[in-house]
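Report on the following structure.
The values are calculated or read from the model by the stated rules, or taken from the named source; none is laboratory data. What you are looking at is a predicted structure, and each value in this text was computed from that prediction instead of being measured. Counting neighbours? That spans all protein chains shown, and the Cβs are built from the backbone with ideal geometry, glycine included.
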Amino acid sequence: MSYIEPAPIKDSENPFESMMSRFEMASNTLGLDEEIYNVLKTPAKQVVVSLPITMDDGSIRVFEGYRVIHSNILGPSKGGVRFDMAVNLDEVKALAAWMTWKCAVVDIPYGGAKGGVKCNPREMSPGEIERLVRAYTLSMIEIFGPDRDIPAPDMGSGPREMAWMMDEFSRAQGTTTNAVVTGKPLVLGGSLGRVEATGRGVMVSALAAMEKLQINPYQATCAVQGFGNVGSYAALLLEERGLKVTAISDISGAYYNKEGINIADAIRYRDSHDGRLEGFEQAESIPQEDLLTLEVDVLVPAAMEDVINVENAEKIKAKLIVEGANGPTSAKADAIINKNGIMVAPDILANAGGVTVSYFEWVQNRLGYKWTGERVNRRSDRIMKDAFEKVYQTSLEYKVPMRISAYIVAIDKVAKTYKWRGGF
Ligand code: NAD
(Lines give C-alpha, C1' and ligand atoms only; values in the text may rest on other atoms or scores of the structure.)
Protein backbone atom coordinates (compact mmCIF):
# COMPACT_ATOMS: atom_id res chain seq x y z
CA MET A 1 0.00 0.00 0.00
CA SER A 2 1.38 3.36 -0.99
CA TYR A 3 0.57 5.20 2.24
CA ILE A 4 2.97 3.06 4.27
CA GLU A 5 6.57 3.87 3.59
CA PRO A 6 8.85 1.11 4.82
CA ALA A 7 10.88 2.45 7.72
CA PRO A 8 14.60 2.74 7.01
CA ILE A 9 16.19 -0.23 8.76
CA LYS A 10 19.27 0.60 10.75
CA ASP A 11 20.88 -0.95 13.78
CA SER A 12 20.92 1.91 16.26
CA GLU A 13 17.18 2.46 16.29
CA ASN A 14 15.38 4.02 19.19
CA PRO A 15 12.57 1.83 20.60
CA PHE A 16 9.93 3.82 18.74
CA GLU A 17 11.56 3.29 15.32
CA SER A 18 12.21 -0.34 16.09
CA MET A 19 8.58 -0.97 17.06
CA MET A 20 7.26 1.05 14.10
CA SER A 21 9.36 -0.85 11.52
CA ARG A 22 7.79 -4.16 12.62
CA PHE A 23 4.32 -2.60 12.96
CA GLU A 24 4.55 -1.28 9.41
CA MET A 25 5.72 -4.59 7.95
CA ALA A 26 2.86 -6.43 9.66
CA SER A 27 0.31 -3.76 8.61
CA ASN A 28 1.44 -4.08 5.00
CA THR A 29 1.18 -7.88 5.06
CA LEU A 30 -2.23 -7.70 6.68
CA GLY A 31 -3.45 -5.02 4.24
CA LEU A 32 -4.61 -2.84 7.12
CA ASP A 33 -7.05 -0.01 6.26
CA GLU A 34 -5.41 3.38 6.16
CA GLU A 35 -7.86 4.77 8.74
CA ILE A 36 -7.11 2.02 11.25
CA TYR A 37 -3.39 2.30 10.58
CA ASN A 38 -3.56 5.99 11.44
CA VAL A 39 -5.49 5.28 14.64
CA LEU A 40 -3.05 2.59 15.82
CA LYS A 41 0.14 4.42 15.05
CA THR A 42 -0.67 7.25 17.46
CA PRO A 43 -1.29 6.97 21.21
CA ALA A 44 -4.83 7.60 22.50
CA LYS A 45 -3.64 9.83 25.34
CA GLN A 46 -0.38 11.40 26.51
CA VAL A 47 -0.02 13.04 29.90
CA VAL A 48 3.02 14.96 31.09
CA VAL A 49 3.13 16.20 34.67
CA SER A 50 5.53 18.21 36.74
CA LEU A 51 6.10 16.92 40.27
CA PRO A 52 7.65 19.28 42.88
CA ILE A 53 9.14 17.14 45.67
CA THR A 54 10.66 18.23 49.00
CA MET A 55 14.04 16.54 49.27
CA ASP A 56 15.54 15.39 52.58
CA ASP A 57 17.72 18.53 52.79
CA GLY A 58 14.64 20.75 52.59
CA SER A 59 15.18 21.86 48.98
CA ILE A 60 12.46 21.43 46.36
CA ARG A 61 13.20 19.55 43.14
CA VAL A 62 10.85 19.32 40.20
CA PHE A 63 10.59 15.95 38.41
CA GLU A 64 8.85 15.25 35.13
CA GLY A 65 6.39 12.34 34.93
CA TYR A 66 4.66 10.73 31.97
CA ARG A 67 1.81 8.38 31.27
CA VAL A 68 0.95 7.36 27.74
CA ILE A 69 -2.11 5.28 26.90
CA HIS A 70 -1.55 3.85 23.46
CA SER A 71 -4.89 2.06 23.21
CA ASN A 72 -7.77 1.21 25.52
CA ILE A 73 -10.29 -0.24 23.12
CA LEU A 74 -9.65 -3.85 24.20
CA GLY A 75 -10.09 -2.96 27.86
CA PRO A 76 -8.34 -0.93 30.55
CA SER A 77 -4.80 -0.07 29.55
CA LYS A 78 -1.90 -1.84 31.23
CA GLY A 79 1.76 -1.05 31.53
CA GLY A 80 4.63 -0.44 33.91
CA VAL A 81 6.06 2.78 35.32
CA ARG A 82 9.78 3.29 34.79
CA PHE A 83 11.93 5.35 37.18
CA ASP A 84 15.07 6.19 35.27
CA MET A 85 17.09 9.19 34.05
CA ALA A 86 16.75 8.05 30.43
CA VAL A 87 12.93 8.21 30.48
CA ASN A 88 11.49 10.45 27.76
CA LEU A 89 8.15 10.84 26.03
CA ASP A 90 9.25 9.13 22.80
CA GLU A 91 10.42 6.03 24.63
CA VAL A 92 7.28 5.89 26.78
CA LYS A 93 5.13 6.15 23.60
CA ALA A 94 6.97 3.18 22.01
CA LEU A 95 6.75 1.05 25.11
CA ALA A 96 3.02 1.83 25.46
CA ALA A 97 2.35 0.58 21.92
CA TRP A 98 4.48 -2.48 22.66
CA MET A 99 2.13 -3.26 25.57
CA THR A 100 -0.92 -3.04 23.29
CA TRP A 101 0.58 -5.66 20.96
CA LYS A 102 1.79 -7.86 23.82
CA CYS A 103 -1.62 -7.98 25.55
CA ALA A 104 -3.37 -8.60 22.22
CA VAL A 105 -1.02 -11.48 21.25
CA VAL A 106 -1.85 -13.39 24.43
CA ASP A 107 -5.51 -12.41 24.09
CA ILE A 108 -6.02 -10.77 27.48
CA PRO A 109 -8.61 -7.99 27.71
CA TYR A 110 -6.24 -5.07 28.12
CA GLY A 111 -5.03 -2.15 26.10
CA GLY A 112 -1.46 -0.84 26.31
CA ALA A 113 0.10 1.96 28.35
CA LYS A 114 3.42 2.95 29.87
CA GLY A 115 4.55 5.50 32.42
CA GLY A 116 7.78 6.99 33.59
CA VAL A 117 9.42 9.49 35.88
CA LYS A 118 12.73 11.05 34.90
CA CYS A 119 14.84 10.50 38.03
CA ASN A 120 17.70 8.46 39.43
CA PRO A 121 16.21 6.36 42.23
CA ARG A 122 19.70 5.07 43.22
CA GLU A 123 20.61 8.60 44.32
CA MET A 124 17.40 9.17 46.27
CA SER A 125 16.48 8.16 49.83
CA PRO A 126 13.49 5.82 50.40
CA GLY A 127 11.56 8.81 51.79
CA GLU A 128 12.25 10.91 48.66
CA ILE A 129 11.21 8.03 46.39
CA GLU A 130 8.04 7.49 48.41
CA ARG A 131 7.05 11.17 48.10
CA LEU A 132 7.77 11.05 44.36
CA VAL A 133 5.71 7.88 43.85
CA ARG A 134 2.80 9.30 45.84
CA ALA A 135 2.93 12.65 44.00
CA TYR A 136 3.02 10.85 40.63
CA THR A 137 0.04 8.67 41.62
CA LEU A 138 -2.00 11.65 42.79
CA SER A 139 -1.21 13.55 39.60
CA MET A 140 -2.62 10.56 37.64
CA ILE A 141 -5.71 10.13 39.79
CA GLU A 142 -8.01 10.85 36.83
CA ILE A 143 -6.04 8.44 34.61
CA PHE A 144 -5.46 5.39 36.83
CA GLY A 145 -8.23 3.05 37.96
CA PRO A 146 -8.99 -0.69 37.90
CA ASP A 147 -11.37 -0.13 34.97
CA ARG A 148 -9.30 2.58 33.28
CA ASP A 149 -5.53 2.25 33.46
CA ILE A 150 -3.50 -0.16 35.59
CA PRO A 151 0.18 0.53 36.30
CA ALA A 152 2.82 -2.08 37.20
CA PRO A 153 6.53 -2.17 38.03
CA ASP A 154 9.21 -1.56 35.42
CA MET A 155 12.86 -0.52 35.49
CA GLY A 156 13.59 1.19 38.83
CA SER A 157 10.33 0.18 40.50
CA GLY A 158 9.10 -2.93 42.29
CA PRO A 159 6.58 -4.19 44.88
CA ARG A 160 7.45 -1.38 47.33
CA GLU A 161 6.57 1.36 44.84
CA MET A 162 3.39 -0.52 43.81
CA ALA A 163 2.33 -0.68 47.48
CA TRP A 164 2.70 3.13 47.74
CA MET A 165 0.76 3.64 44.50
CA MET A 166 -2.03 1.37 45.67
CA ASP A 167 -2.15 3.13 49.04
CA GLU A 168 -2.17 6.66 47.60
CA PHE A 169 -4.85 5.81 45.07
CA SER A 170 -6.94 4.08 47.79
CA ARG A 171 -6.63 7.08 50.14
CA ALA A 172 -7.83 9.43 47.41
CA GLN A 173 -10.80 7.15 46.67
CA GLY A 174 -11.59 6.55 50.34
CA THR A 175 -11.61 2.79 49.82
CA THR A 176 -8.97 0.10 49.44
CA THR A 177 -8.60 -0.50 45.72
CA ASN A 178 -5.91 -3.13 45.25
CA ALA A 179 -6.87 -3.88 41.62
CA VAL A 180 -5.50 -0.46 40.56
CA VAL A 181 -1.92 -1.76 40.29
CA THR A 182 -0.26 -5.13 39.79
CA GLY A 183 3.11 -6.39 40.97
CA LYS A 184 2.13 -5.70 44.59
CA PRO A 185 3.59 -7.57 47.57
CA LEU A 186 1.66 -10.82 48.19
CA VAL A 187 0.13 -9.53 51.42
CA LEU A 188 -1.47 -6.58 49.56
CA GLY A 189 -3.03 -8.83 46.92
CA GLY A 190 -0.07 -9.78 44.74
CA SER A 191 -0.39 -13.08 42.88
CA LEU A 192 1.41 -16.31 43.54
CA GLY A 193 3.50 -17.22 40.49
CA ARG A 194 4.13 -13.60 39.41
CA VAL A 195 7.84 -13.59 40.25
CA GLU A 196 8.66 -16.51 37.96
CA ALA A 197 5.88 -15.81 35.40
CA THR A 198 7.99 -14.24 32.64
CA GLY A 199 10.71 -16.91 32.82
CA ARG A 200 8.02 -19.57 32.88
CA GLY A 201 6.41 -18.14 29.74
CA VAL A 202 9.84 -18.18 28.06
CA MET A 203 10.12 -21.89 28.94
CA VAL A 204 6.63 -22.67 27.61
CA SER A 205 7.34 -20.78 24.36
CA ALA A 206 10.71 -22.55 23.98
CA LEU A 207 9.16 -25.99 24.41
CA ALA A 208 6.33 -25.19 21.98
CA ALA A 209 8.87 -24.02 19.38
CA MET A 210 11.10 -27.06 19.93
CA GLU A 211 8.14 -29.30 19.25
CA LYS A 212 7.65 -27.58 15.87
CA LEU A 213 11.37 -27.88 15.10
CA GLN A 214 11.38 -31.50 16.32
CA ILE A 215 14.12 -30.84 18.84
CA ASN A 216 14.05 -33.25 21.77
CA PRO A 217 14.48 -31.19 24.97
CA TYR A 218 16.41 -34.04 26.59
CA GLN A 219 19.04 -33.85 23.85
CA ALA A 220 19.08 -30.06 23.54
CA THR A 221 21.49 -27.43 24.81
CA CYS A 222 20.75 -23.84 25.70
CA ALA A 223 22.53 -20.54 26.43
CA VAL A 224 20.88 -17.80 28.49
CA GLN A 225 22.07 -14.19 28.46
CA GLY A 226 21.10 -12.28 31.61
CA PHE A 227 20.66 -13.95 34.99
CA GLY A 228 18.11 -11.65 36.63
CA ASN A 229 14.41 -12.31 37.11
CA VAL A 230 13.65 -13.50 33.57
CA GLY A 231 16.93 -15.26 32.69
CA SER A 232 17.41 -17.20 35.91
CA TYR A 233 13.85 -18.55 36.03
CA ALA A 234 13.91 -19.36 32.31
CA ALA A 235 17.20 -21.26 32.79
CA LEU A 236 15.92 -23.11 35.86
CA LEU A 237 12.66 -24.16 34.23
CA LEU A 238 14.30 -25.16 30.93
CA GLU A 239 16.78 -27.29 32.89
CA GLU A 240 13.83 -28.86 34.73
CA ARG A 241 12.32 -29.78 31.35
CA GLY A 242 15.46 -31.64 30.29
CA LEU A 243 17.62 -29.06 28.49
CA LYS A 244 21.30 -28.80 29.27
CA VAL A 245 22.07 -25.14 30.01
CA THR A 246 25.69 -24.83 28.93
CA ALA A 247 26.11 -21.05 29.29
CA ILE A 248 24.73 -18.23 31.42
CA SER A 249 25.79 -14.62 31.82
CA ASP A 250 25.14 -11.42 33.67
CA ILE A 251 26.71 -7.97 33.78
CA SER A 252 29.81 -9.49 35.47
CA GLY A 253 30.63 -11.90 32.61
CA ALA A 254 29.67 -15.11 30.80
CA TYR A 255 30.16 -18.65 32.13
CA TYR A 256 30.35 -21.87 30.11
CA ASN A 257 30.36 -25.57 30.98
CA LYS A 258 29.83 -28.05 28.16
CA GLU A 259 28.53 -30.65 30.65
CA GLY A 260 25.76 -28.26 31.71
CA ILE A 261 25.54 -25.76 34.57
CA ASN A 262 23.55 -26.62 37.68
CA ILE A 263 21.16 -23.66 37.65
CA ALA A 264 19.96 -23.99 41.25
CA ASP A 265 23.62 -23.78 42.33
CA ALA A 266 24.16 -20.73 40.13
CA ILE A 267 21.10 -19.00 41.65
CA ARG A 268 22.32 -19.77 45.16
CA TYR A 269 25.77 -18.42 44.22
CA ARG A 270 24.29 -15.22 42.77
CA ASP A 271 22.06 -14.68 45.80
CA SER A 272 24.97 -14.96 48.19
CA HIS A 273 27.30 -12.78 46.06
CA ASP A 274 25.56 -9.43 45.85
CA GLY A 275 23.26 -10.56 43.03
CA ARG A 276 26.13 -11.35 40.63
CA LEU A 277 27.72 -14.46 39.12
CA GLU A 278 31.27 -13.06 39.31
CA GLY A 279 33.68 -15.79 40.47
CA PHE A 280 31.20 -18.67 39.82
CA GLU A 281 33.49 -21.70 39.76
CA GLN A 282 31.36 -24.44 38.23
CA ALA A 283 31.93 -23.02 34.75
CA GLU A 284 34.74 -21.40 32.82
CA SER A 285 34.65 -17.70 32.14
CA ILE A 286 34.22 -16.80 28.44
CA PRO A 287 33.98 -13.40 26.70
CA GLN A 288 30.49 -11.87 26.98
CA GLU A 289 29.90 -11.72 23.23
CA ASP A 290 30.82 -15.42 22.74
CA LEU A 291 27.70 -16.56 24.61
CA LEU A 292 25.46 -15.45 21.77
CA THR A 293 27.36 -17.39 19.12
CA LEU A 294 27.88 -20.69 20.96
CA GLU A 295 27.02 -24.03 19.37
CA VAL A 296 23.66 -24.52 21.15
CA ASP A 297 20.13 -25.43 20.06
CA VAL A 298 18.35 -22.66 21.96
CA LEU A 299 19.46 -19.11 22.70
CA VAL A 300 17.58 -17.01 25.28
CA PRO A 301 18.55 -13.32 25.33
CA ALA A 302 17.10 -12.11 28.65
CA ALA A 303 19.16 -9.04 29.50
CA MET A 304 18.67 -5.97 27.34
CA GLU A 305 17.80 -4.58 23.90
CA ASP A 306 19.76 -4.69 20.62
CA VAL A 307 22.26 -7.41 21.71
CA ILE A 308 21.67 -9.39 18.51
CA ASN A 309 22.70 -6.99 15.77
CA VAL A 310 24.49 -6.84 12.41
CA GLU A 311 27.83 -7.44 14.15
CA ASN A 312 26.96 -10.92 15.40
CA ALA A 313 23.72 -12.10 13.71
CA GLU A 314 25.55 -14.00 10.97
CA LYS A 315 27.55 -15.95 13.57
CA ILE A 316 24.58 -17.21 15.57
CA LYS A 317 24.43 -21.02 15.48
CA ALA A 318 21.31 -21.64 17.60
CA LYS A 319 18.29 -23.11 15.78
CA LEU A 320 15.89 -21.21 17.99
CA ILE A 321 15.97 -17.80 19.69
CA VAL A 322 13.45 -17.20 22.48
CA GLU A 323 13.35 -13.52 23.41
CA GLY A 324 13.04 -13.08 27.16
CA ALA A 325 14.18 -9.45 26.97
CA ASN A 326 12.25 -6.69 25.21
CA GLY A 327 13.76 -5.83 21.83
CA PRO A 328 16.97 -7.93 22.03
CA THR A 329 17.17 -8.26 18.23
CA SER A 330 17.59 -5.23 15.98
CA ALA A 331 15.38 -4.99 12.89
CA LYS A 332 18.44 -5.25 10.66
CA ALA A 333 19.55 -8.45 12.41
CA ASP A 334 16.04 -9.89 11.85
CA ALA A 335 16.76 -10.09 8.13
CA ILE A 336 19.98 -12.08 8.66
CA ILE A 337 18.39 -14.44 11.17
CA ASN A 338 15.44 -15.11 8.88
CA LYS A 339 17.76 -15.75 5.92
CA ASN A 340 19.64 -18.33 8.01
CA GLY A 341 16.39 -20.14 8.88
CA ILE A 342 16.59 -19.56 12.64
CA MET A 343 13.19 -19.59 14.33
CA VAL A 344 12.49 -16.67 16.68
CA ALA A 345 9.85 -16.70 19.42
CA PRO A 346 9.60 -12.88 19.51
CA ASP A 347 9.49 -10.73 22.64
CA ILE A 348 5.82 -9.69 22.40
CA LEU A 349 4.95 -13.40 22.53
CA ALA A 350 7.74 -15.09 24.50
CA ASN A 351 7.94 -12.68 27.44
CA ALA A 352 4.19 -12.09 27.76
CA GLY A 353 3.93 -14.57 30.67
CA GLY A 354 4.57 -11.65 33.02
CA VAL A 355 1.68 -9.50 31.86
CA THR A 356 -0.53 -12.60 31.76
CA VAL A 357 -0.01 -13.26 35.45
CA SER A 358 -0.40 -9.52 36.16
CA TYR A 359 -3.80 -9.89 34.54
CA PHE A 360 -4.48 -12.84 36.89
CA GLU A 361 -3.48 -10.64 39.84
CA TRP A 362 -6.09 -8.06 38.76
CA VAL A 363 -8.70 -10.82 38.22
CA GLN A 364 -8.07 -12.21 41.73
CA ASN A 365 -8.25 -8.73 43.28
CA ARG A 366 -11.58 -8.11 41.58
CA LEU A 367 -12.89 -11.51 42.63
CA GLY A 368 -11.70 -10.87 46.19
CA TYR A 369 -10.15 -14.34 46.03
CA LYS A 370 -6.72 -15.92 45.92
CA TRP A 371 -5.74 -18.66 43.49
CA THR A 372 -3.19 -21.34 44.27
CA GLY A 373 0.19 -21.13 42.53
CA GLU A 374 -0.72 -24.32 40.71
CA ARG A 375 -3.86 -22.72 39.22
CA VAL A 376 -1.94 -19.61 38.17
CA ASN A 377 0.71 -21.70 36.40
CA ARG A 378 -1.76 -24.01 34.71
CA ARG A 379 -3.79 -21.10 33.32
CA SER A 380 -0.80 -19.04 32.21
CA ASP A 381 0.80 -22.09 30.51
CA ARG A 382 -2.45 -22.61 28.57
CA ILE A 383 -2.54 -18.96 27.46
CA MET A 384 1.11 -19.03 26.38
CA LYS A 385 0.70 -22.30 24.45
CA ASP A 386 -2.43 -21.08 22.67
CA ALA A 387 -0.77 -17.79 21.78
CA PHE A 388 2.29 -19.59 20.42
CA GLU A 389 0.13 -21.86 18.26
CA LYS A 390 -1.83 -18.92 16.88
CA VAL A 391 1.34 -16.99 16.00
CA TYR A 392 2.88 -20.11 14.46
CA GLN A 393 -0.18 -20.88 12.31
CA THR A 394 -0.36 -17.23 11.22
CA SER A 395 3.29 -17.35 10.18
CA LEU A 396 2.50 -20.36 7.96
CA GLU A 397 -0.63 -18.71 6.57
CA TYR A 398 1.08 -15.43 5.60
CA LYS A 399 4.50 -17.01 4.95
CA VAL A 400 6.20 -14.52 7.26
CA PRO A 401 8.62 -14.95 10.19
CA MET A 402 7.15 -15.41 13.66
CA ARG A 403 7.93 -11.82 14.69
CA ILE A 404 5.81 -10.39 11.92
CA SER A 405 3.05 -12.95 12.48
CA ALA A 406 2.95 -12.00 16.18
CA TYR A 407 2.36 -8.37 15.15
CA ILE A 408 -0.24 -9.53 12.61
CA VAL A 409 -2.17 -11.46 15.30
CA ALA A 410 -2.05 -8.44 17.61
CA ILE A 411 -2.87 -5.74 15.05
CA ASP A 412 -5.67 -7.83 13.57
CA LYS A 413 -7.32 -8.22 16.98
CA VAL A 414 -7.09 -4.52 17.81
CA ALA A 415 -8.21 -3.49 14.31
CA LYS A 416 -11.24 -5.82 14.37
CA THR A 417 -12.24 -4.57 17.83
CA TYR A 418 -11.94 -1.02 16.59
CA LYS A 419 -14.10 -1.75 13.54
CA TRP A 420 -16.85 -3.36 15.64
CA ARG A 421 -16.85 -0.58 18.19
CA GLY A 422 -16.62 2.19 15.60
CA GLY A 423 -15.21 5.70 15.92
CA PHE A 424 -16.76 9.15 15.86
P1 NAD B 1 16.84 -7.92 35.90
O2 NAD B 1 17.35 -6.57 36.24
O3 NAD B 1 16.26 -8.80 36.97
O4 NAD B 1 18.01 -8.79 35.20
C5 NAD B 1 18.78 -8.32 34.13
C6 NAD B 1 20.00 -9.25 34.01
O7 NAD B 1 20.73 -8.92 32.84
C8 NAD B 1 20.97 -9.14 35.18
O9 NAD B 1 21.47 -10.44 35.49
C10 NAD B 1 22.09 -8.28 34.62
O11 NAD B 1 23.33 -8.49 35.28
C12 NAD B 1 22.11 -8.80 33.21
N13 NAD B 1 22.79 -7.92 32.25
C14 NAD B 1 22.70 -6.57 32.13
N15 NAD B 1 23.48 -6.15 31.13
C16 NAD B 1 24.06 -7.25 30.61
C17 NAD B 1 24.98 -7.48 29.56
N18 NAD B 1 25.45 -6.46 28.85
N19 NAD B 1 25.35 -8.76 29.28
C20 NAD B 1 24.88 -9.79 29.99
N21 NAD B 1 24.01 -9.63 31.01
C22 NAD B 1 23.61 -8.39 31.31
O23 NAD B 1 15.79 -7.68 34.72
P24 NAD B 1 14.64 -8.67 34.23
O25 NAD B 1 13.38 -8.30 34.94
O26 NAD B 1 15.12 -10.05 34.25
O27 NAD B 1 14.47 -8.14 32.72
C28 NAD B 1 15.34 -8.57 31.68
C29 NAD B 1 14.72 -8.20 30.35
O30 NAD B 1 13.43 -8.82 30.25
C31 NAD B 1 14.46 -6.71 30.10
O32 NAD B 1 14.60 -6.46 28.72
C33 NAD B 1 13.01 -6.55 30.51
O34 NAD B 1 12.43 -5.42 29.88
C35 NAD B 1 12.44 -7.83 29.98
N36 NAD B 1 11.16 -8.23 30.59
C37 NAD B 1 11.04 -8.44 31.93
C38 NAD B 1 9.82 -8.85 32.44
C39 NAD B 1 9.65 -9.17 33.91
O40 NAD B 1 8.57 -9.63 34.28
N41 NAD B 1 10.66 -8.99 34.73
C42 NAD B 1 8.70 -9.01 31.60
C43 NAD B 1 8.85 -8.79 30.23
C44 NAD B 1 10.09 -8.40 29.73
Handout entry: Criterion (outside any loop (DSSP other than H, G, I, E, B), more than 16 Å from the ligand (Cβ to nearest atom) and buried (at least 19 other Cβ atoms within 10 Å of the Cβ)) met by exactly one of Ala208, Ala197, Ala266
Key = Ala208
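In the stretch 58-100, which residues are hydrophobic (A, V, I, L, M, F, W, C) and not in a helix (DSSP H, G or I)?
Keep residues of the stretch 58-100 that are hydrophobic (A, V, I, L, M, F, W, C), which gives 60, 62-63, 68-69, 73-74, 81, 83, 85-87, 89, 92, 94-99.
Correct list: Ile60, Val62, Phe63, Val68, Ile69, Ile73, Leu74, Val81, Phe83, Met85, Ala86, Val87.
If I ask for residues that are assigned to a strand (DSSP E or B) and either among the β-branched types (Val, Ile, Thr) or touching a helix residue (DSSP H, G or I) at 6+ places or on another chain (Cβ under 6 Å) (or both), which ones from the stretch 225-263 would you list? Steps first, answer last, please.
Taking the stretch 225-263 as the starting set, the residues that turn out to be assigned to a strand (DSSP E or B) are 225, 244-250, 253-256.
Scanning the stretch 225-263 gives Gln225, Val245, Thr246, Ala247, Ile248, Ser249, Ala254.
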Problem - The lone exception for Gly158 - which of (1) out of contact with any Lys or Arg (no Cβ under 8 Å at 6 or more places or on another chain); (2) buried (at least 19 other Cβ atoms within 10 Å of the Cβ) it fails - result: (2)
Problem - Only one of Ser157, Ser205 that is of a type in the set (Ser, Thr, Tyr), within 23 Å of Ala302 (Cα to Cα), at pLDDT below 95 and out of contact with any Ser or Thr (no Cβ under 8 Å at 6 or more places or on another chain) - result: Ser157
Completion exercise
Residue hits (the stretch 254-263; under 12 Å from Leu294 (Cβ atoms) and within 16 Å of the ligand (Cβ to nearest atom)) are Ala254, Tyr255, Tyr256
Completion exercise
Residue hits (the stretch 320-349; closer than 17 Å to Phe388 by Cα and either of a type in the set (Val, Ile, Thr) or more than 9 Å from the ligand (Cβ to nearest atom) (or both)) are Leu320, Ile321, Val322, Ile342, Met343, Val344, Ala345, Pro346, Ile348, Leu349
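Residues are listed down the side, and each one gets a yes or a no for (1) surrounded by 14 or more Cβ atoms within 10 Å (Cβ to Cβ); (2) modelled with pLDDT under 95; (3) not polar (S, T, N, Q):
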site: Met1; (1), (2), (3): no, yes, yes
site: Lys10; (1), (2), (3): no, yes, yes
site: Met25; (1), (2), (3): yes, yes, yes
site: Glu35; (1), (2), (3): no, yes, yes
site: Lys41; (1), (2), (3): yes, yes, yes
site: Lys45; (1), (2), (3): yes, no, yes
site: Val48; (1), (2), (3): no, no, yes
site: Thr54; (1), (2), (3): no, no, no
site: Ile69; (1), (2), (3): yes, no, yes
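Which count do you get for residues in the stretch 272-298 that are of a type in the set (D, E, K, R), more than 12 Å from the ligand (Cβ to nearest atom) and at pLDDT 95 or above?
Start the filter on the stretch 272-298 by keeping residues that are of a type in the set (D, E, K, R), which leaves 274, 276, 278, 281, 284, 289-290, 295, 297.
Subsequent filtering for residues that are more than 12 Å from the ligand (Cβ to nearest atom) retains 281, 284, 295, 297.
Checking the rest, the ones that are also at pLDDT 95 or above come to 284, 295, 297.
Residues in the stretch 272-298 being of a type in the set (D, E, K, R), more than 12 Å from the ligand (Cβ to nearest atom) and at pLDDT 95 or above: 3 in total.
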Practice task
Out of Ala152, Ala172, report the one residue that is assigned by TED's automatic domain parsing to the domain that holds Val106 and touching a residue at least 40 places away in the same chain (Cβ under 8 Å).
Solution key: Ala152
Exercise for the section: Can you confirm whether the stretch 181-193 contains a residue that is within 14 Å of the ligand (Cβ to nearest atom) and surrounded by fewer than 18 Cβ atoms within 10 Å (Cβ to Cβ)? Expected result: no
Exercise for the section: Determine the pairs where a residue that is at negative phi, located within the stretch 345-356, has a partner that is within 8 Å of the ligand (Cβ to nearest atom) and of a type in the set (S, T, N, Q) with Cβ atoms under 8 Å apart, the partner being 6 or more residues away or on another chain. Expected result: Asp347/Asn326; Asn351/Thr198; Asn351/Asn326; Gly353/Thr198; Gly354/Thr198
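Kindly provide the set of residues from the stretch 98-148 that are over 14 Å from Met55 (Cβ atoms), charged (D, E, K, R) and surrounded by fewer than 24 Cβ atoms within 10 Å (Cβ to Cβ), ordered by number.
Selection gives Asp107, Lys118, Arg122, Arg134, Glu142, Asp147, Arg148.
Does Ile251 satisfy the criteria of being within 15 Å of the ligand (Cβ to nearest atom), out of contact with any Gly (no Cβ under 8 Å at 6 or more places or on another chain), closer than 19 Å to Asn377 by Cβ and not polar (S, T, N, Q)? Give the derivation first.
On the way: within 15 Å of the ligand (Cβ to nearest atom): yes; out of contact with any Gly (no Cβ under 8 Å at 6 or more places or on another chain): yes; closer than 19 Å to Asn377 by Cβ: no; not polar (S, T, N, Q): yes.
For Ile251, the condition - within 15 Å of the ligand (Cβ to nearest atom), out of contact with any Gly (no Cβ under 8 Å at 6 or more places or on another chain), closer than 19 Å to Asn377 by Cβ and not polar (S, T, N, Q) - is not met.
Would you mind stating whether Val376 is over 19 Å from Tyr407 (Cβ atoms), crowded, with 24+ Cβ neighbours inside 10 Å and in contact with a Leu (Cβ under 8 Å, 6 or more places away or on another chain)?
Values: over 19 Å from Tyr407 (Cβ atoms): yes; crowded, with 24+ Cβ neighbours inside 10 Å: no; in contact with a Leu (Cβ under 8 Å, 6 or more places away or on another chain): yes.
Criteria not met by Val376.
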